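First up is the structure itself, then whatever we jot down about it.
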Ligand SMILES: Cc1cc2nc3c(=O)[nH]c(=O)nc-3n(C[C@H](O)[C@H](O)[C@H](O)COP(=O)(O)O)c2cc1C
């Protein structure tokens, strides 16, 4: 299968950002058990095949509970230099250390020593305790902790709003339509 057209546009937009760290920041929207919206920033970690996007997280965090109930999500990715907004919809497959030891080990090894330390901090979202350990680095020789998660987003719908033209260009691609592009009103 050839890479979907939206992936090529996204790659071009990411390249325009150069080495900026924020070019890998995406907003992940989930739904709480009570049906309320939740959103937060995560780092894009890479592609798993043509249509799957990897994020890393922590099974102790609220989003993990939300995903257990409702794995359908939307990710918003703004690439300001290209003036592109991507909205990606799909279903998250949660890969845990227990169930997917190889993939999670590979993901853990891809992190820097500084990147890994977050998973050695105390339970996210719990009250702060000043004497709790907050390491600044964690050696890759250590195995991933049991709460390390790979969130693999299996995409089925991608929408781009491109503000660099007049009028703005809004394009939709759906997997069920073999990723054929459809132009929409902006
Ligand atoms: C720039 C930036 C990058 C972040 N990257 C991640 C990440 O890759 N994975 C993650 O779990 N949290 C990441 N966070 C923290 C989340 O935004 C969020 O605060 C945390 O995961 C708890 O979210 P929750 O309570 O909704 O589960 C990042 C925050 C910022 C500001």
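The values are calculated or read from the model by the stated rules, or taken from the named source; none is laboratory data. Bear in mind the structure is a predicted one, so any value in this text is a computation, not a measurement. Reconstructed Cβ throughout: ideal geometry from the backbone, glycine too, with neighbour counts over all protein chains shown.
Does residue 2 count as without any contact (Cβ under 8 Å) to a residue 60 or more places away in the chain, surrounded by fewer than 17 Cβ atoms within 10 Å (Cβ to Cβ), within 12 Å of the ligand (Cβ to nearest atom) and within 20 Å of residue 160 (Cα to Cα)?
no
Give all pairs with beta carbons closer than 9 Å in which a residue from segment 63-83 that is under 11 Å from residue 94 (Cα atoms) and touching a residue at least 40 places away in the same chain (Cβ under 8 Å) meets a residue that is within 12 Å of the ligand (Cβ to nearest atom) and part of a loop (DSSP other than H, G, I, E, B); count only pairs at least 6 apart in sequence or on separate chains.
That search, which allows pairs on different chains as well, returns 64/147.
Any idea how many residues of segment 11-38 are within 17 Å of residue 158 (Cβ to Cβ) and either touching a helix residue (DSSP H, G or I) at 6+ places or on another chain (Cβ under 9 Å) or away from the ligand (no atom under 12 Å from the Cβ) (or both)?
Final tally of qualifying residues: 5.
For segment 79-186, which fully contained strands (runs of 3 or more DSSP E) count at least 3 residues that are touching a helix residue (DSSP H, G or I) at 6+ places or on another chain (Cβ under 6 Å) and on the phi < 0 side of the Ramachandran plot?
Filter on segment 79-186 gives 84-96, 148-162.
Results for (1) at pLDDT below 95; (2) more than 12 Å from the ligand (Cβ to nearest atom); (3) within 25 Å of residue 33 (Cβ to Cβ), shown as yes or no for each residue.
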residue	(1), (2), (3)
72	no, yes, yes
99	no, yes, yes
112	no, yes, no
115	no, no, no
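Could you pull out the residue among 47, 25 that is closer than 15 Å to residue 150 by Cβ and free of Cβ contacts under 8 Å to residues at least 60 places away in the same chain?
On inspection, the qualifying residue turns out to be 47.
Condition check ((1) away from the ligand (no atom under 15 Å from the Cβ); (2) crowded, with 16+ Cβ neighbours inside 10 Å) across all residues:
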{"position": "9", "(1), (2)": "yes, yes"}
{"position": "40", "(1), (2)": "no, no"}
{"position": "53", "(1), (2)": "no, yes"}
{"position": "78", "(1), (2)": "no, yes"}
{"position": "91", "(1), (2)": "yes, no"}
{"position": "94", "(1), (2)": "no, yes"}
{"position": "104", "(1), (2)": "no, yes"}
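Filter segment 55-70 down to the residues that are surrounded by fewer than 17 Cβ atoms within 10 Å (Cβ to Cβ) and more than 9 Å from the ligand (Cβ to nearest atom) and list them by number.
68, 69, 70
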